[in-house]
Amino acid sequence: MTEAKRPKTSFASQSQAASEAPPLLTPEGDFPPESVRRDVNDDVITPEAYSHLKSGIKLFKQQRLGEAETEIVQAITLHPSLSPLYNIFALLKIARRALDTLKQSVYSALTTDPEFMDEFVREGIQQLGENRFEEAEANFRKAIALNERNTDARFRLGFTLVSQRKYRDAVSIFEELILLEPQNINAFFMLGMAYSELREYYPCISNLQHALRLQPSFVEARLTLADAYHHQGKYLISLRELEALEQFIPDEDTTYLHRGMLLMELGRYEEAIPYFERVIELKPDVYEAYELLVGLYEDRGHFEKGLALAQRALQINPQSRDMLAAIQRMERRQNATEFPAELQES
């Protein structure tokens, strides 16, 4: 008879329990019993993961945020079910950092000059449209200096920084914007994108998931989330996110292309074929779909389909050496399979 599982608790109650939990080590130097080291799914947290988790909490209390984040990520890596805790950690980190600038923000808000502020934003928008990023950045910063609660200027500044690949600076701007507008889904999305470009996938995923909780139909956020999971090697989760997009954008070729590529990486080649066929049906000029599908047809011995598709691909890219080589290989293999049959008939 299996042991009945305890009711699941919320993360809020989990956080409260953590503050009241037994110390990391008992007087004898042992870890707390398994009954204490459990997550919300009632699964036992390994001693190593528990150690990193408690260490992260201790470092956070000491305001050693960088070291604390490293420990939290280590705990999540060892015990993936702890991943929602990163959301709590990220919000606490942003809030703690904001305390130092709160007084200055209030003072700036009280000394706003709307006329100059609006002029700086207008000029910045024009310069941004002309790809004059450094000038646009300067004007958005001037507008924010006049009023740090100017969320429009702050968002456009963050976007300008991303356009210049200043991703670390953009992260700070979007985190500050989220403090001012906690429901700004575009800020969460852009923050997730910036973290993605920095190859920091835990905070990337955390922010994109939050954007999707606020708006489940946020197509760009779900695509970026699927890409982040892909980079982590979590192909099935990435595939699930792409499948969820079908209800919002049933005729979007990009989702079918990505789903086919993920299935190939999982070795599920036959399942990938219909997705690439759908891409070509929706958008006949996506050359990458032709390359992948011709390769699948060739590997599976579907030479007639492969040759016909390769000829269509050459209409898009007549100089493709790879496609011409694929045609030659398929013709040779097709002839090799047909020739013995002709001998039997004679």
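Below is a table of values for the structure above.
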read-out: Sorted peptide list for 172-182, 263-273, criterion being average Cβ within 10 angstrom, highest first; value: 172-182, 263-273
read-out: Residues Leu78, Leu292 arranged by fewest to most Cβ contacts within 10 Å; value: Leu78, Leu292
read-out: Label point at Thr77 placed 7 Å out along Cα→Cβ; residues across segment 221-258 whose backbone nitrogen lies under 19 Å; value: 228-235
read-out: For Thr255, Thr151, Thr224, Thr77, order by how many other beta-carbon atoms lie within 10 Å, fewest first; value: Thr77, Thr151, Thr224, Thr255
read-out: Descending principal axes extents, segment 251-340, alpha-carbon based, whole Å; value: 43, 29, 18
read-out: Inter-label distance for Leu324 and Leu236, nm, one decimal - labels placed 7 Å from Cα along Cα-to-Cβ; value: 4.5 nm
read-out: Protection proxy ranking of 193-201, 319-327 - average other beta-carbon atoms within 10 Å, highest first; value: 193-201, 319-327
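Only the coordinates and a few stated rules stand behind these numbers; no lab work does. Note that the structure is predicted; figures quoted are calculated from it, not measured. So basically every Cβ, Gly included, is an ideal-geometry build from the backbone, and we count neighbours across all protein chains shown.
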